[in-house]
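K.L.:
First the structure, which I've put down as structure tokens, then a few questions once you've had a look.
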Amino acid sequence: MLRTKLAALCLLCLAAHPHAAVRVDVLRSVGALPPHISGLFEEPIAFQQAANGYYFVFDRRAHAIYMIDPERANARKVVDVGQEEGRIIQPSGFDTTTEGSFVVADVPRGQERIQIFGPGALRTGGFFIAGRAMPQLIIGNYALTGISSLQFNGDSIFVSEPERGSLITEYSVGGVPQRTIGRLRTTGHEQERDLHLALNSGLPLVDPTGGFYYVFLTGEPMFRKYDAGGKLVFERHIEGREIDDLVASQPTTWPTRRLEDREVPFVQPIVRTAAVDPQGQLWISLIVPYTYVYDTHGDKAQTAQFSAAGIISPTSLFFTRGGHILVTPGCYEFNPNRR
């Protein structure tokens with residue numbers, strides 16, 4: 001009888017406090033770039049690795065890309081600041097392939113540009129996006145445009161470009177739009193174009209097991225999964241006690257901020273970054289220092305935190321071929337299976 005009463009009491013407690021039993025897995029760093037290398041960087045916002053073991057670090061504030069040997073002993077700057085071809089100015093987006101090719105997005109003279117570099121960091125091509133760079137939202141001191149969140153699979157470049165009327169635009173390496181993927185979501189602000197586009201800004205992610213994810217950065221937290229042909233598979237809301245207050249405090253009207261010669265909506269993101277692991281699971285890091293992991297069906301499988309020199313809020317996530325996670329800031333390495 002006593003056991004039955006205790007069980008009933010536990011059920012009542014869980015009903016009154018539905019998040020009480022939620023577990024947060026703390027992932028602890030298993031490595032990092034040594035101080036004599038990490039000390040070279042001003043603001044690393046991407047830390048990735050090619051199949052040959054070489055690492056790449058994208059330093060946005062320094063307008064530079066570094067390559068580090070597999071032993072993590074030496075680093076050299078392979079792309080430096082400048083407006084001419086082969087250099088970068090006001091860079092915002094970066095991604096590598098397993099073969100060691102990479103793309104970087106920058107904005108010389110107010111024009112969005114994407115440059116492609118082959119193995120060895122030799123420039124193999126590049127193109128400008130038609131039109132003038134228009135910010136979608138502002139994070140901290142940086143204005144983000146669609147090319148800030150590009151993905152590169154070696155053959156195509158995928159960017160968030162809601163101003164084209166769809167969520168994702170696929171470009172060839174020659175700069176030709178191949179197709180668009182995903183309808184814009186309804187925001188209730190369709191008459192305010194800049195705000196409507198800002199609330200549709202997001203991260204296009206290539207799923208290594210097939211298809212694409214699109215994670216919305218702002219507004220109502222959600223993500224979508226598309227198959228390889230661009231057909232919607234499912235849509236899921238991002239929910240959790242860690243962001244309850246953020247979601248509840250979302251405004252109904254947004255202030256604007258002066259940027260160059262125009263006013264842009266000041267829309268605070270809820271998602272900071274996201275990535276897909278080798279098994280096709282989606283990892284979403286929030287503005288608060290938590291990361292939600294969703295399985296291939298779109299169900300939440302885990303809530304995690306990254307711990308290195310204290311709890312960190314990832315600005316980028318990258319999965320190595322061995323399944324480890326490379327994280328900025330700090331250029332740390334984590335084993336997702338080791339707590």
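K.L.:
All other residues with a Cβ under 11 Å from the Cβ of Leu317 taken together, and with Lys, Arg as +1 and Asp, Glu as -1, what is their net charge? It would help to have the intermediate numbers written out before the result.
P.N.:
Values: positive: Arg272; negative: Asp277.
Surrounding charge for Leu317 is 0.
K.L.:
I've got another one for you. Between Pro44, Gln178, Gly118, whose Cα lies farthest towards the positive end of the dipole of the chain when Lys and Arg beta carbons carry +1 and Asp and Glu beta carbons carry -1, centred on the Cα centre?
P.N.:
My answer, from the dipole projection, is Pro44.
K.L.:
Further question on the same structure: With a sphere of radius 12 Å drawn around the Cβ of Val247, what net charge do the other residues whose Cβ falls strictly inside it have (Lys, Arg +1; Asp, Glu -1)?
P.N.:
Result for the neighbourhood of Val247: -4.
K.L.:
Charges at C-beta only: +1 for Lys and Arg, -1 for Asp and Glu. How large is the resulting dipole of segment 222-339 about its Cα centre, in Debye rounded to 20? It would help to have the intermediate numbers written out before the result.
P.N.:
Numbers: 13 positive and 13 negative charges, 39 e Å.
For segment 222-339, the charge dipole is close to 180 debye.
K.L.:
Among His297, His324, which comes first, second and so on when ranked by fewest other beta-carbon atoms within 10 Å? Walk me through the intermediate numbers first.
P.N.:
Details: His297 10, His324 18.
Arranged by neighbour count, lowest to highest, His297, His324 become His297, His324.
K.L.:
Right, something else. Nearest 10 degrees, 0 to 90: what angle lies between the long axis of helix 2-16 and the longest principal axis of the chain (Cα atoms)?
P.N.:
The angle comes out near 40 degrees.
K.L.:
Multiply the residue separation of Thr209 and Arg164 by 0.36 nm, subtract the distance between their alpha-carbon atoms, and state the gained length in nm to one decimal.
P.N.:
Details: separation 45, 0.36 × 45 = 16.20 nm, distance 2.71 nm.
Answer, rounded to one decimal: 13.5 nm.
K.L.:
Testing the spin-label approximation: label points 7 Å from Cα along Cα→Cβ at Thr296 and Glu235. State their distance in nm.
P.N.:
My value for the distance between the label points is 2.4 nm.
K.L.:
Something else: Please work out the Kirkwood hydrodynamic radius for segment 227-329, using every pair of different C-alpha atoms, and report it in angstroms with one decimal place.
P.N.:
Details: mean 1/r = 0.0631 Å⁻¹.
With all distinct Cα pairs of segment 227-329 included, I get 15.8 Å.
K.L.:
Given a Förster distance of 25 Å, report the FRET efficiency between Arg262 and Asp80 from their Cβ-Cβ distance, rounded to the nearest 0.05.
P.N.:
Numbers: r = 30 Å, r/R0 = 1.22.
Using R0 = 25 Å, I get an efficiency of 0.25.
K.L.:
Now a separate question. Kirkwood Rh over Cα pairs of segment 174-290 into Stokes-Einstein at 25 °C, 0.890 mPa s: D in µm²/s? Spell out each step's value before the answer.
P.N.:
Values: Rh = 15.6 Å.
Reported coefficient: 157 µm²/s.
Where a number appears in this text, it was derived from the coordinates with a stated rule and is not lab data. Owing to the predicted nature of the structure, the values given are computational and were not obtained by experimental measurement. FYI the Cβ positions are ideal-geometry reconstructions off the backbone, even for glycines, and counts take in every protein chain you see.
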